[in-house]
Amino acid sequence: MVHGHGGVQFQNWAKTYGCSPELYFQPTSVEEIKEILELARQRNKRVKVVGGGHSPSDIACTDGFMIQMGKMNKILKVDKEKKQVTVEAGILLSDLNGELTKYGLALANLGAVSEVAAAGGIGTGTHNTGIKHGILPTQVVALTLLTAAGEILECSEGSHADIFQAARVHLGCLGVVLTITFQCVPEFYLQETTFPSTLKEVLDNLDSHLQRSEYFRFLWFPHSENVSVIYQDHTSKSPSSMGSWFWDYAIGYYLLEFLLWVSTFLPFLVPWINRGFFWLLFTSKGEKVDLSYKVFNYECRFKQHVQDWAIPIEKTKDALLELKATLESSPKVVAHYPVEVRFARADGILLSPCFQRDSCYMNIIMYRPYGKDVPRLDYWLAYEGIMKKFGGRPHWAKAHACTRKDFEKIYPGFPKFCSIREKLDPTGMFLNTYLEKVLY
Ligand SMILES: Cc1cc2nc3c(=O)[nH]c(=O)nc-3n(C[C@H](O)[C@H](O)[C@H](O)COP(=O)(O)OP(=O)(O)OC[C@H]3O[C@@H](n4cnc5c(N)ncnc54)[C@H](O)[C@@H]3O)c2cc1C
């Protein structure tokens, strides 16, 4: 008999959202998950499944039953010929990356961190960059879903294709994802090259940057023209690194956090901090070579608030220039660095921000130095206004103020997703406050 614990406090990675689930479960088998759902049905409770708890919103919160999938983390099958791996949905991508290297395999693309679970990562549409590459869920070729009624559905292009089209970005509201099959590629090394540039140069030559590097992205330092360009490309070179002593010895982190904290009292310092850190860290050329996942992933040390909308790729220049102009004309609005600009290929997943269009993601942040919230409302509103104007779709895991009305306008497949959800979960067992806001 599966046992749930009371009194557990859940907090997301950034410590910006938390909840106190009535009962907290860590099942070790599908049978146990079925038991939990049965108990929830009997007691009329809601259920939320949680992966790595990294979502910077309340998407994984509940005061009902919480199912933490950390013990359902095995690799079930590796098909060397097809280069596919089937995993239990709770496996952390950091564990999967290491295991895949034993088979000479890798995921073709990853987000900035791998301490996310397989199902959690795909569920909110985690993405990285590279215009030839889709978001993480496009690497999924099959998954199994345990529905509210206790039925297990095997979903792929060839089986329950409609549900599959919805379930790769599932928001945690279609059922419990039990297993996922990823399409992998042969293990590869990446060379990362970083060099300084200006916003004008990068925006004027965007196509050429996108062509020149497979995983091109750039960091813009708000309140300035400064940009750091990052190219990542396949290489046959051996691992090496030209690291920054400033970061390596963590001096940079301590200093930055302290200065950001000081700037909470003296906000006019923020543009100087942005320029100073660009000068210290990003003005010289950097290079490193390593296994792909070690290059895709980087350390995010600071807790932060974050928004990350995807706009049609052809709007990149206009949107960024408008954000820059807005900041210039509103000196009281301050923006922490960097604005991270990434790209992803169009796909056909119903709630993917890249649904049917090549996209540019523009990620803005406000750090929380020593856990202190920095006023961000004006920046947030200005950014959201610009993103909406250019047809943006917000990242499902990050901050946004959109509701069903907005999503109906920006997602052609939104009604289809909602009707699939209503069929799979007619009583709303898998809903929570976040989902009620976006689905109703
Ligand atoms: C430091 C940091 C860096 C990040 N970098 C990036 C980035 O580069 N790119 C990007 O796009 N995003 C990024 N994110 C966001 C992150 O990728 C997403 O929030 C992702 O969804 C987190 O995965 P998780 O396993 O922690 O999911 P959780 O936050 O635990 O859950 C996310 C959703 O999935 C559902 N869920 C989880 N497991 C299951 C399951 N088995 N069955 C059904 N539903 C389930 C939950 O209910 C919830 O709705 C970052 C976040 C942080 C904190």
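A short reminder: the numbers here are calculations on the coordinates, not readings from a lab. The structure displayed is predicted, hence computed values, not measured ones. Cβ sites come from the backbone with ideal geometry, for glycine too, and all protein chains shown count toward neighbours.
Six or more apart or on different chains, Cβ atoms under 6 Å: show the pairs whose first residue is in segment 67-93 and on the phi > 0 side of the Ramachandran plot and whose second is outside any strand (DSSP E or B).
Listed by first residue and then by second, the contacts come to LYS83/CYS184.
What are the pairs, 6+ residues apart or on separate chains, where a residue within segment 321-350 that is closer than 13 Å to TYR383 by Cβ has its Cβ under 7 Å from a residue that is part of a loop (DSSP other than H, G, I, E, B) and of a type in the set (A, V, I, L, M)?
From segment 321-350, the pairs are LEU327/VAL333; LEU327/ALA335.
Considering (1) in contact with a strand residue (DSSP E or B) (Cβ under 7 Å, 6 or more places away or on another chain); (2) on the phi < 0 side of the Ramachandran plot; (3) within 12 Å of the ligand (Cβ to nearest atom), say which one PHE188 fails and leave the rest.
Here PHE188 meets the rest and fails (3).
Looking at THR403, is it away from the ligand (no atom under 16 Å from the Cβ) and under 26 Å from LEU153 (Cβ atoms)?
Spelling it out, it is not the case that THR403 is away from the ligand (no atom under 16 Å from the Cβ) and under 26 Å from LEU153 (Cβ atoms).
So if I check each of LEU381, LEU439, which one is surrounded by fewer than 21 Cβ atoms within 10 Å (Cβ to Cβ), more than 26 Å from LEU206 (Cβ to Cβ), hydrophobic (A, V, I, L, M, F, W, C) and away from the ligand (no atom under 16 Å from the Cβ)?
None of the others qualify; the one that does is LEU381.
Which of the residues spanning segment 33-73 are over 25 Å from VAL306 (Cα atoms), within 10 Å of the ligand (Cβ to nearest atom) and not in a helix (DSSP H, G or I)?
VAL47, ILE67, MET72
If you check LEU178, LEU219, which single one turns out to be outside any loop (DSSP other than H, G, I, E, B), within 16 Å of the ligand (Cβ to nearest atom), in contact (Cβ under 8 Å) with a residue 12 or more places away in the chain and more than 23 Å from PHE282 (Cβ to Cβ)?
LEU178
With (1) away from the ligand (no atom under 16 Å from the Cβ); (2) polar (S, T, N, Q); (3) in contact with a strand residue (DSSP E or B) (Cβ under 8 Å, 6 or more places away or on another chain); (4) closer than 23 Å to ARG345 by Cβ as the list, and SER241 as the residue in question, which single condition is left unmet?
For SER241, the failing item is (4).
Can you find, within segment 299-325, the residue that is nearest to HIS400 (Cα to Cα) among those that are among the aliphatic types (A, V, I, L, M) and surrounded by 16 or more Cβ atoms within 10 Å (Cβ to Cβ)?
Among residues in segment 299-325 that are among the aliphatic types (A, V, I, L, M) and surrounded by 16 or more Cβ atoms within 10 Å (Cβ to Cβ), the one nearest to HIS400 (Cα to Cα) is VAL306.
Quick one: is THR427 surrounded by fewer than 21 Cβ atoms within 10 Å (Cβ to Cβ), within 14 Å of the ligand (Cβ to nearest atom) and more than 20 Å from ALA319 (Cα to Cα)?
no
Out of (1) on the phi > 0 side of the Ramachandran plot; (2) without any contact (Cβ under 8 Å) to a residue 12 or more places away in the chain, what's the single condition that is false for LYS423?
Single failed check for LYS423: (1).
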